[in-house]
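The numbers here are math on the coordinates, done by the rules we state, and not lab data. Since we're looking at a predicted model, the values are computed, not measured. Note that each Cβ is placed from the backbone with ideal geometry, even for glycine, and that neighbours are counted across all protein chains shown.
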Amino acid sequence: MESALAAADELLRKVPLIDGHNDLAWAVRINGHLGVADLDRLQPSLQTDLVRLHSGRVGGQFWSVYVPCRFKGSDAIAATIEQIEFVHRMIEHYPNRLSLATGAKQVEDAFAAGRVASLLGAEGGHCIGESLEILRAFYRLGVRYLTLTHNENTSWAESATDVAIGGLRPFGYEVISEMNLLGMLVDLAHTSRSTALASIRASRAPAVITHSSCRSLVDHPRNVDDETLRARLAANFETLEHFARGWQAYAAERHPAMARFITTAPNARPSWRARPPSARPSRARRTSARRP
Ligand SMILES: [Zn+2]
């Protein structure tokens, strides 16, 4: 056990462990008694704080700027901006512990300096209020992924935990196209299978699934089925390469069917680079639903 811990410790000194989703901003918001200045000591009422982040050797953190689906339209946009502001304030309050990262170089620099690279991810497509301008504004504020849905459908994307609306609708394709142009990751956590598969096909950059589990192991609609994982691996294998290698032994032991397609991933072609322009959504359709 000690040698395993030593090996993990050694690995985490060399490679930044990046957590894809942390709801600390929302947890502090609903707590009502805590603020930015309270996060550098253990906070038992929260699932995370900077003390545990440090002891867990987290090298990079996507701070979620989540707002619940009950926030609609401009309320959702305003609340998301408040969450973004909280994260920026938190980063500025702990300059020796956290460092804003909006790209890979900044993640590497933060890790080399012993700080937690702090990235922002927006959860739930409702937060953009059906506006590509708001999406672009979020990007300017540092947001580097958008989870297309939360627990409820948006008007343009189907959630895994809501009624079927046909997966990804036309404006959803516009959102993904805009995210590709901006350099914002498409996050498929919470989305339905049909939304996820359509998004993987549509996106010209690797999609991510920031916080979901494997449905073959735990049959819950929030988890990702084998076909979606297979499609994602085929389209975006570079993203999953390290994960897949590390996971092979576990998957082979627990679920041989999954191990089979994981082991084929390194031979897959990076189709997101090779996709011809004719396969991309039309530029002419890339306009906001609210644009006059
Ligand atoms: Zn979530």
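Tabulated data for the structure shown
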{"item": "Sorted by Cβ neighbour density within 10 Å, fewest at the top, the residues PHE62, PHE86", "result": "PHE86, PHE62"}
{"item": "Label-point separation in nm, HIS93 to LEU181, each point 7 Å along Cα→Cβ", "result": "3.7 nm"}
{"item": "Fraction of beta bridges assigned by DSSP in region 77-193 that are antiparallel (%, nearest 5)", "result": "15 percent"}
{"item": "Whole-number percent relative contact order across region 158-208, with pairs defined as alpha carbons under 8 Å at least 6 apart", "result": "46 percent"}
{"item": "Exposure proxy ranking, count of Cβ atoms within 10 Å, fewest first, for TYR66, TYR139", "result": "TYR139, TYR66"}
{"item": "Which of ASP226, ASP49 has the fewest Cβ neighbours within 10 Å, and the rest in rising order", "result": "ASP226, ASP49"}
{"item": "Loop trypsin sites (Lys or Arg not before Pro), region 48-119 (other Cβ atoms within 10 Å of the site Cβ: 11 or fewer; DSSP)", "result": "ARG70, LYS72"}
{"item": "Per-peptide average of other Cβ atoms within 10 Å, ordering 153-160, 35-42, 209-216 highest first", "result": "153-160, 209-216, 35-42"}
